[in-house]
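Q: Below is a structure I'd like to ask you about.
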Amino acid sequence: MIKKTFALLALAVVTTTAQAGTSAPSGKGVIAPTIEPESSISYSNISLSKQYASGNLGAGSLAGPSGQQIDLDLDGVALALEYSPVNNLYVALGGSYNEIEASANIGPFSQSINLGDYWTANAGIGGYIPLTGNIHFVTELGANYADFLNLDNAWGIYVTPHIRASFGKFETHLGATYNSNDFATNEWNAFLRLIYAATPELDLFVTGSLGLSSANAAKNVDGVSAGIRYNF
């Protein structure tokens, strides 16, 4: 009986020592390498947004009465696709449709008229450089097409340098776009996009844009949009 008791005590001591050794390592062993978490910044997605912008008629488009300022309101939708086949590169496709309404004060009266449709399309390629795990410097370059009021159309080149950063469920894009298209709403445009991850695949976003320089078709055009983005 005594021998069995000593044997059980010895077994308990050995078990306790082994458990203590695993829960409190000495620190002299090999430390496993730390694996950096994958960035949550998306470069493979499709988005749909409702957009609104306002500005003035440009000098190179329809002419109003001498000294008369004609205000423009653009109301429409935009569709965009990004796809990254390899690290640090992605392709971009997009398009938008807007209805344009013009208004002007003529004497004591204010008149407005629906001018027609404004279509745009773009195709480009982008590259990104990680500055940190959650902050990337991005530049996108491509071709832009615009059809202004069914009167004329033109092609141009656009470039969009910007920063993308992610913090938890939020992602933000901040940068500028240059567009050489004569029928672009702005030659230079600054933008800020705020994105919230409602689910791992579905995002909600709002975007604000500020016209920095005028184009031939319009001038002083600022805008806002809101939409959804699906990541794949």
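Q: Please sort 83-89, 71-77, 113-119 by packing, taking for each peptide the average over its residues of neighbouring beta carbons within 10 angstrom, highest first.
A: Output ranking for 83-89, 71-77, 113-119: 71-77, 113-119, 83-89.
Q: If you average 1/r across every pair of different Cα atoms in the range 45-231 and take the reciprocal, what Kirkwood value do you get, in Å?
A: One decimal place: 17.4 Å for the Kirkwood radius.
Q: Taking neighbour Cβ counts within 10 Å as the exposure measure, how do T160, T199, T139 sort from fewest upward?
A: Listing T160, T199, T139 from fewest to most nearby Cβ atoms yields T199, T139, T160.
Q: With only Lys, Arg, Asp and Glu charged, each at its Cβ (+1 for the first two, -1 for the last two), find how big the charge dipole of the range 45-231 is about the Cα centre; round to the nearest 20 debye.
A: The dipole of the range 45-231 has a size of about 500 debye.
Q: Right, another one. Given contacts defined as C-alpha pairs under 8 Å and at least six residues apart, what's the relative contact order of the range 45-231, whole-number percent?
A: With pairs under 8 Å counted, the relative contact order is 20 percent.
Q: Can you give the net charge of the other residues whose Cβ lies under 11 Å from the Cβ of A92, counting K and R as +1 and D and E as -1?
A: -2
Q: Mind sorting S47, S112 by how few other Cβ atoms lie within 10 Å of their own Cβ, fewest first?
A: S112, S47
No value in this document is a laboratory result; all are computed from the given coordinates. Because the structure is predicted, anything quoted here is derived from the model rather than measured. Cβ coordinates were reconstructed from backbone atoms using ideal geometry, including for glycine residues, and neighbour counts include every protein chain displayed.
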